[in-house]
Amino acid sequence: MSAAIIHHTEFTENAGVPPAPPEAHQRAMTIDTSTDAEHCPTGVDDLAFSDIVGEFSRAQRNMMQGSHPVSNIFQLPEDDAIVRLNDKVRTYHREHGWMPVFEAKTRIAEWKAHAEAQGQGPETRRVNGDKVVLSLFDLSGEWSKPWEEAGYQVYRFDIQENNETGDVGKFSVGFFGDWFGDFDGLDIYAVLAACPCTDFASSGARHFAAKDADGRTIDSVRLVHQTLRVIEYFKPAIWAIENPVGRIERLCGLPPWRLSFDPYHLGDPYTKKTLLWGRFNADLPIAPVEPTEGSKMWAKYGGKSVATKNARSETPQGFSYGFFMANNAYDHTEMAVGNKYDRLSRDIIRQAIEAGVAGEQIDAAVEDLYYMDLDDEAANAVLYDLATGRS
């Protein structure tokens, strides 16, 4: 049974929003004047968003009250889990120089072949086929493509593709039941969201005042909150929100970002500082090439047309496969199980995995105790018995 079936959160302004810490609310209410490349001024009158962000944060805190939270899905990343991919690239470059483009392409091809091998292997395809990936604001399908190739059930949503089922703003409990049958109770393994960045990216800061005044910014904030409601509802093992450097974290009450990267870190020779928030393994493999194309997004894809905005927003191929390599369930079973049952002891989960207990065995043993009974002590005990061969 999936968490989606047993946790009926309403998609409203007053419920179903995730738990950001109080300090995230405070950051959202403060105009930053830092010149750090990974931060920028909000350009927003604090009072204009106080009601929205305040309501959002109250609902977040309410969900996490007491010693027995429903989920740790929005837990802040530990310091050692935050990755600036540029640090790995700098070390590589110091020791090896830039990777030749053909070598980077070969490495990405290997990542792609690895995903395809999972989709072609009978056992891995069977296990992956029971997992669902929801990819929001995904017109090109690039971010979710590796998961599809690996045999996951991928559902893409983008209003440009379908203004009925692709409109994230229309999502609700009834929506997922009516249109998708709550995905037949399958495991919602990942939610990937490349939220529209037009009203957040620092590259468009000169337009912030106009967007704040005419309501476009608030509409974009609500879309991010709606995305977070989807994540809270399904409680996937992996979730990630992607955006260029800008003001999305401060305006939307997101927890601190977990990953920063540029496309040239993963084989695409251009710069575009990008941040990811969420719960995932940020230690991506790298294929660092010289950024010979510079910031091609504006040099080649400048302009206001929908086509050029879509071109600027397309997920780089190297990142897509690098993210898959670091986060797929088959290669990272301990992470997948530990995130799904995020209130249970990671040490016992690790012990069980190392003892050869399959994820399906763990599901059968603890799922009802964890989701239905909310009896973590009993679930840990059963899991311990599995790990030590007592059952």
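The values are calculated or read from the model by the stated rules, or taken from the named source; none is laboratory data. Treat the numbers as computed from the prediction; the structure is a model and nothing was measured. Quick reminder, even Gly has a Cβ in these numbers, built from the backbone with ideal geometry, and neighbours come from all protein chains shown. Accessible surface is based on the protein model in full, side chains and every heavy atom, while ligands, DNA and RNA are left aside. Shrake-Rupley method; radii C 1.70, N 1.55, O 1.52, S 1.80 Å.
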What shape does region 62-180 take by its C-alpha gyration tensor, where a ≥ b ≥ c are the square roots of the eigenvalues and a/c under 1.5 counts as rounded, a/b above b/c as prolate, and the rest as oblate? oblate
Quote the FRET efficiency, to the nearest 0.05, computed for ASP331 versus GLU164 with a Förster distance R0 of 35 Å and r equal to the Cβ-Cβ distance. 0.45
What's the local net charge at ASP130, with K and R +1, D and E -1, over the other residues with C-beta under 14 Å away? -2
Cross-link list LYS170/LYS340; LYS88/LYS340; LYS170/LYS272; LYS145/LYS272; LYS105/LYS340: which exceed 24 angstrom alpha carbon to alpha carbon? LYS170/LYS340; LYS88/LYS340; LYS170/LYS272; LYS105/LYS340
Modelled label-to-label distance, ARG90 and LEU76, 7 Å Cα→beta-carbon offset: nm? 2.4 nm
Net lengthening on full extension, GLU290/PHE175 (0.36 nm per residue, minus Cα-Cα): 36.9 nm
Length added when fully stretched, ALA113-ARG222, from 0.36 nm per residue minus Cα-Cα: 35.4 nm
Express in nm, to one decimal, how much length is gained between TYR384 and ASP347 on full extension, taking 0.36 nm for each residue of separation and deducting their alpha carbon distance. 12.4 nm
Considering only protein heavy atoms, what is the solvent-accessible area of PHE176 at a probe of 1.4 Å, reported in Å² to the nearest 10? 0 Å²
May I ask you to derive the FRET efficiency for VAL101 and ALA364 from their Cβ-Cβ distance with R0 = 51 Å, giving the value to the nearest 0.05? 0.60
Taking 349-355, 128-134, 374-380 and ranking on average Cβ neighbours within 10 Å, highest first, one gets 128-134, 349-355, 374-380
